[in-house]
Amino acid sequence: MMNSSLINWQKLAEIKELKDYFNDDFQEFKNSICHYLKIMAKMTSTSIQEIAIIRALEVTNGCTQHSYRRNDSDSLSVEQTRECMKLSISSIRNQEIILKNGDVLEFSPETKELMTHIRTLYMDAFKNNIASQEKEFYAFSTAQFLACGKEKIDYGFQVVKDNYQDLFTDTFINKGIKYIEKYLEAIKN
């Protein structure tokens, strides 16, 4: 289990997406992240690796979608952006990833249960605009990144790169890596 004493909470509190939650009630948000870390600690190493892969895929997609919506100069075409979204959504909905060679990475029941929970939080937070669920989503998401750790996250991004580099491009895979790195930097060595 990721021991909370191995986390630099101040560094975590500096992350843009988390800053307001920590500022509102530092201890409460920390406790929420720790609650989810305990859930993650009960998972098998295989399930944690599966979580790292799906999180690498969906964060890369998120970076792609945000870039397109902002009309950034490096954003992908509308068609390619849609393909990225289609891949991410179908992987989450079907709880499996179809690899470039046609193999299917089907997630364990444990991973599927966690994915269903985080998807419900995401939908409530960002589609149904329930503010408390947004806070829970970020607490659980943060716990997932921390529980996966650098080695598993790196492997997750390697799977994305090996299978979807042509779709996402190095630009957005690297943006995904950079997004998660700020969370991993809060883990004390």
query: Does region 17-121 come out rounded, prolate or oblate, given a ≥ b ≥ c as the square roots of the eigenvalues of its C-alpha gyration tensor, rounded meaning a/c under 1.5 and, failing that, prolate meaning a/b above b/c?
result: oblate
message: Just to verify a number: FRET efficiency for residue 20 and residue 151, C-beta to C-beta distance, R0 = 25 Å, to 0.05?
response: 0.25
field: Computed [θ] at 222 nm, helices only, for the chain once each DSSP H run of length n ≥ 4 contributes -39500 (n - 2.57)
entry: -25500 deg cm²/dmol
query: If you roll a 1.4 Å probe over the heavy atoms of the protein chains, what accessible area per residue do you get for the chain, in Å²?
result: 53 Å²
field: Distance violations [Cα-Cα > 22 Å] among 11/188; 38/112; 152/188; 86/182; 19/86
entry: 86/182; 19/86
query: Using a Gaussian network model of the chain with C-alpha springs under 10 Å, which one of 137, 107, 126 is most mobile by mean-square fluctuation?
result: 126
message: Placing unit charges on C-beta atoms (Lys and Arg positive, Asp and Glu negative, everything else neutral), compute the dipole magnitude of the chain about its Cα centre in debye, rounded to 20.
response: 200 debye
statement: Expressed as a percent, the accessible surface of the chain that is carbon or sulfur, using a 1.4 Å probe and the full set of protein chains, is 47 percent
- prompt: Which distance in nm do the two modelled labels at residue 96 and residue 117 give, with both placed 7 Å along the Cα-to-Cβ direction?
  reply: 2.4 nm
query: Under the definition of Cα pairs under 8 Å and six or more residues apart, what whole-number percent is the relative contact order of the chain?
result: 37 percent
- prompt: Where does each of 89-102, 24-37, 167-180 land if you order them by average Cβ count within 10 Å, highest first?
  reply: 167-180, 24-37, 89-102
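The values are calculated or read from the model by the stated rules, or taken from the named source; none is laboratory data. Here the structure is a predicted model, which is why all the values come from computation and not from measurement. Virtual Cβ from ideal backbone geometry, glycine too; neighbours counted across all protein chains shown. Note: accessible area is taken over every heavy atom of the protein model, side chains too, but ligands, DNA and RNA are not part of it. Shrake-Rupley method; radii C 1.70, N 1.55, O 1.52, S 1.80 Å.
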